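Single-structure report; data block below.
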Amino acid sequence: MNRVRSTLMATALTIGVIASALAEDRSADITFSGTGVAAGVGFTWGDGTLHFNGSNYKFTVNGLSVVDVGVAHIEGVGDVYNLRRLDDFSGNYVAAAAGVTVAGGADATVLENQKGVRIYVHSTTQG
């Protein structure tokens with residue numbers, strides 16, 4: 001019974017996140033690549049490009065992760081929502097939802113900063 005309830009709650013969360021994205025206006029998109037190294041607690045770094053209002057802006061990413069092991073290279077893309085001004089893009093992003101399935105069956109991670117900017121990120125590399 002608890003497993004069914006957990007599955008229903010996870011499904012409702014996923015539907016809520018997707019519905020929220022559909023209600024928001026896509027403001028921009030990003031492309032990025034990075035590397036992560038971890039043995040329990042790890043560090044990730046990389047760079048990318050924000051495509052916003054007809055211009056391209058370079059950005060860097062770095063952060064800590066927990067419960068990771070190994071070395072990984074990742075490349076990905078993302079859709080940015082609620083970005084009204086370029087200054088709102090910078091900030092500390094946290095996972096608003098993870099493992100959301102998007103069109104084509106790919107998994108996405110939803111990141112949100114303190115200014116309400118949301119990025120739906122998915123990897124374009126495998127492994």
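When LYS58 is tested against (1) loosely packed, with under 11 Cβ neighbours inside 10 Å; (2) modelled with pLDDT under 95, exactly one condition is not met: (2). Flag: ALA72 does not match the condition of being closer than 24 Å to VAL37 by Cα, within 13 Å of the chain's Cα centre (by Cα) and at pLDDT below 90.
When SER27 is tested against (1) within 14 Å of the chain's Cα centre (by Cα); (2) modelled with pLDDT of 90 or more, exactly one condition is not met: (1). For segment 78-118, residues that are modelled with pLDDT of 95 or more and among the aliphatic types (A, V, I, L, M) total 4.
The values are calculated or read from the model by the stated rules, or taken from the named source; none is laboratory data. Since the model is a prediction, treat every value here as computed from it, not as a measurement. Virtual Cβ from ideal backbone geometry, glycine too; neighbours counted across all protein chains shown.
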